[in-house]
Amino acid sequence: MAKINKTQLKQLVEAAIFVADSPVSKLTLRETVLAEFTVSERALNAVLKELMLDYQPRGIQLVEVASGYRFQSVDSLSPWLSRMWQESAPKYSRAMLETLALIAYRQPVTRGEIESVRGVSVSSNIIRTLTERTWIKVVGHKEVPGRPALYATTRQFLDYFSLTSLADLPSSDVFDALDVQYKPPATATLDAPSEDDRAIETANIEREENE
Amino acid sequence: MAKINKTQLKQLVEAAIFVADSPVSKLTLRETVLAEFTVSERALNAVLKELMLDYQPRGIQLVEVASGYRFQSVDSLSPWLSRMWQESAPKYSRAMLETLALIAYRQPVTRGEIESVRGVSVSSNIIRTLTERTWIKVVGHKEVPGRPALYATTRQFLDYFSLTSLADLPSSDVFDALDVQYKPPATATLDAPSEDDRAIETANIEREENE
Amino acid sequence: MAQKEDGLNNGPVQQPLPLAFINGEAIVEKPEDLYIPPDALEVILETFEGPLDLLLYLIRKQKVDIVHLPVATITLQYMEYVEVMKSLKLELAAEYLLMAAILAEIKSRLLLPRPDSVEDDDDDPRAELIRRLKEYEAVKVAAGALDAQPRLERDVFAVKADVPPSVAPVRIEPDVSLQDLVMAFSHAMKRAAAFEHHTIEAEALSTRERMSQILSMVNDKTYTPLDALFTIDEGRAGVVVSFLAILELVKEQLLLCVQAGPYARIHVKLGCHGED
């Protein structure tokens, strides 16, 4: 394994993050550009930190997101930068955002559970759009009649919203407070309405499958 | 038209060139991110020049190409950056392995001879792949109509398999005991001549071993 | 609780955008009462995300805490909305009607005399509805917070630098084991034996290898002295192998042998068709 001096290491890491198509993790750096060098974890962390500082006053910044490091434009420049593209960024409906928020905060969660919290049915379109954007994915099936799919958010979701982990989700304390205050009573599952919910859930899943 | 200070102008120009998918001309800058600002040609040239200087010691540089300005990684880093796009080639097909084996054991050999043993044609792709891997090379041409190329294995081939010479290649019956995958097709065993042929083959191998 | 109130006020529905235009006049606020033109109501109802959203709106209008859910008033108002809805947007009605039924049930249970012994919250028929309202409110807050989060393509843009042409993808070649190779050979030979009638000639490997080596030592331009093809250090066996290889090559017309006169040195060159 070859040695690499700090200046070269910094240049290599900087260039690698810049030319990559998606965020670059430290592991990826080690497996690709740094494969033939001996680089301590401390040295790598140090250059990443230095790079972050170097770009602080500039038009772009080095940030850490869930799947690694990426350079991105400064948020305050977006009104002008968005003029570089003909199309404006997609807007998401409240139904979509509420569904996404529930999956993010309550994962893994079934469609039926989302519907019971929101009080309305979740359209298949919303689930499809969120899946196609690779923001959510099916992580399993709940062992209840109908075996409904359990949804969770993905790394790409965190990357897209500039988050490093689910713990960084804004106002997660609102949900935490709920969990402490309102433990769902054990009888809840025996309630008449929940039976209906489950029926709706099964019906929806069948509908999805038919699509 | 609004005023913009130099720091903001520089940040905006820098971010715009970075986020664009292709090189950005000064005209494009003026028509998009700078559309609502009064910026003199001199001021624009000045920030572009400053940006070029700023990035001089870094892993990426601002360069001017025919259609405008773009950031690109420093040439000297290319050998390492190339590893960001490493891809695993698919595993070799049976046809590929058999061709290589026949060249190794029967060299120098023509494509036609390989084909007559394998009973199927050898695709140019196979020959090209093996040649590109520097495992085989043309060592001459057979003096028959069409003067087909004669293939042989190379030193690199021996090195890869940790062989000092072709004589070290194991005789094929060494692995016959382990040969469960390559059962001859059921119909073949019913053929009368096949029994004889197999006897001949065994004899050949024995002769090889004795030499 | 102050935090919860904030959450309500910051909810996306409460943005001061015109909800509807009635006779060219923008209606910015949701109406304080029900005396509004029915076509405006239709637009307003569409802005609710469901019965829980509508209930939250009605509670906020009453300026009371969710905890003290005034079931009687809310039910009355809710039913009035649902009545209008039933005539306008039938497909919306089912979920709203279910909520109406829940409200009516709570209301009737509240009217029943309650035994003094069970005074705790759990027995409050409103408890479950309050829990759901709070949970839904939290979802609204979370959705709003998520929307405010710096988002790629809207607030921040991923940055990319190009690479010079000197950057080329690195291809990792597949591994092949010696066993794979031998098995492949064995298989090819067995198949050939099974299907072909021609005999498969087999030279000693060492001779075949030497043939390849000799071919790469000579060329078709200049003659190479024959003795240059022998290596003394290999001993007799080596010389024999080389000699066999040369004979085989000459037989296959791959090597051209020339001798100027008796006992002169023999020279060889690559057999070349062009000279024929």
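The values are calculated or read from the model by the stated rules, or taken from the named source; none is laboratory data. Predicted model, so just to flag it, every value in this text is computed and none were measured. Every residue, glycine as well, gets a Cβ built from its backbone with ideal geometry; the counts of neighbours run over all protein chains shown.
I need the full set of residues from segment B:102-115 which are at the interface with chain C (Cβ under 7 Å from one of its Cβ atoms) and not aromatic (Phe, Trp, Tyr), in order please.
To start, the set of residues in segment B:102-115 that are at the interface with chain C (Cβ under 7 Å from one of its Cβ atoms) comprises B:102, B:104-108.
Hits for segment B:102-115 are B:LEU102, B:ALA104, B:ARG106, B:GLN107, B:PRO108.
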What number goes with the only condition from (1) over 37 Å from the mean Cα position of the chain (by Cα); (2) closer than 24 Å to A:ASP21 by Cβ that B:LEU12 does not pass? (2)
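If I ask for residues that are acidic (Asp, Glu) and at the interface with another protein chain (Cβ under 7 Å from one of its Cβ atoms), which ones from segment B:64-101 would you list?
Start the filter on segment B:64-101 by keeping residues that are acidic (Asp, Glu), which leaves B:64, B:75, B:87, B:98.
Matches in segment B:64-101: B:ASP75, B:GLU87, B:GLU98.
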If I ask for residues that are more than 15 Å from C:TYR223 (Cα to Cα), without any contact (Cβ under 8 Å) to a residue 12 or more places away in the chain and hydrophobic (A, V, I, L, M, F, W, C), which ones from segment C:244-267 would you list? C:LEU247
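Conditions tested, residue by residue: (1) crowded, with 16+ Cβ neighbours inside 10 Å; (2) among the charged types (D, E, K, R); (3) closer than 30 Å to B:ILE126 by Cβ.
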| site | (1), (2), (3) |
| --- | --- |
| B:GLN56 | no, no, no |
| B:GLN61 | yes, no, no |
| B:SER67 | no, no, no |
| B:ASP75 | no, yes, no |
| B:SER82 | yes, no, yes |
| B:GLU87 | no, yes, yes |
| B:TYR92 | yes, no, yes |
| B:LEU97 | yes, no, yes |
Tally time: how many residues in segment A:39-63 are in contact (Cβ under 8 Å) with a residue 24 or more places away in the chain and either under 16 Å from B:ASP54 (Cβ atoms) or polar (S, T, N, Q) (or both)? 3
Looking at A:GLU113, is it crowded, with 22+ Cβ neighbours inside 10 Å and within 24 Å of A:ASP168 (Cβ to Cβ)? no
Count - residues of segment A:105-126 that are touching a helix residue (DSSP H, G or I) at 6+ places or on another chain (Cβ under 7 Å), in a helix (DSSP H, G or I) and of a type outside the set (D, E, K, R): 7
Looking only at residues in segment B:1-34 that are of a type in the set (Gly, Ala, Ser) and without any contact (Cβ under 8 Å) to a residue 40 or more places away in the chain, which one is farthest from the other protein chains (Cβ to nearest Cβ)? B:ALA2
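Here is a list: C:VAL176, C:VAL182. Which entry is crowded, with 18+ Cβ neighbours inside 10 Å, facing chain B (nearest Cβ under 9 Å), in a loop (DSSP other than H, G, I, E, B) and modelled with pLDDT of 80 or more? Even if it seems obvious, please write down each step before you answer.
On the way: C:VAL182 fails: in a loop (DSSP other than H, G, I, E, B).
Result of the check over C:VAL176, C:VAL182: C:VAL176.
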Residues being in contact (Cβ under 8 Å) with a residue 12 or more places away in the chain and out of contact with any Ser or Thr (no Cβ under 7 Å at 6 or more places or on another chain) - total across segment A:97-119: 13
I need a count of the residues in segment A:128-148 that are surrounded by 19 or more Cβ atoms within 10 Å (Cβ to Cβ) and more than 15 Å from the chain's Cα centre (by Cα). 1
Residues in segment B:150-159: is at least one among the hydroxyl-bearing types (Ser, Thr, Tyr), closer than 13 Å to B:TYR105 by Cβ and outside any helix (DSSP H, G or I)? yes
Condition met for C:ASP116 (modelled with pLDDT of 85 or more and more than 7 Å from chain B (Cβ to nearest Cβ)): no
How do the pairs read when you match residues in segment A:158-169 that are touching a residue at least 40 places away in the same chain (Cβ under 8 Å) with residues anywhere that are buried (at least 21 other Cβ atoms within 10 Å of the Cβ) and charged (D, E, K, R), using Cβ under 8 Å and keeping only pairs 6 or more apart or on different chains? A:ASP159/A:ARG70
Kindly indicate whether any position in segment C:183-191 is among the polar types (S, T, N, Q) and out of contact with any Pro (no Cβ under 9 Å at 6 or more places or on another chain). yes
Among (1) within 23 Å of B:LYS137 (Cβ to Cβ); (2) surrounded by 15 or more Cβ atoms within 10 Å (Cβ to Cβ); (3) touching a strand residue (DSSP E or B) at 6+ places or on another chain (Cβ under 9 Å); (4) modelled with pLDDT of 80 or more, the one test that C:CYS272 misses: (4)
Filter segment A:152-175 for residues that are within 11 Å of chain C (Cβ to nearest Cβ) and more than 10 Å from the chain's Cα centre (by Cα) and give the result. A:ASP168, A:PRO170, A:SER171, A:SER172, A:ASP173, A:VAL174, A:PHE175
Would you confirm whether or not segment A:41-51 contains a residue that is touching a strand residue (DSSP E or B) at 6+ places or on another chain (Cβ under 6 Å) and over 30 Å from A:LYS142 (Cβ atoms)? yes
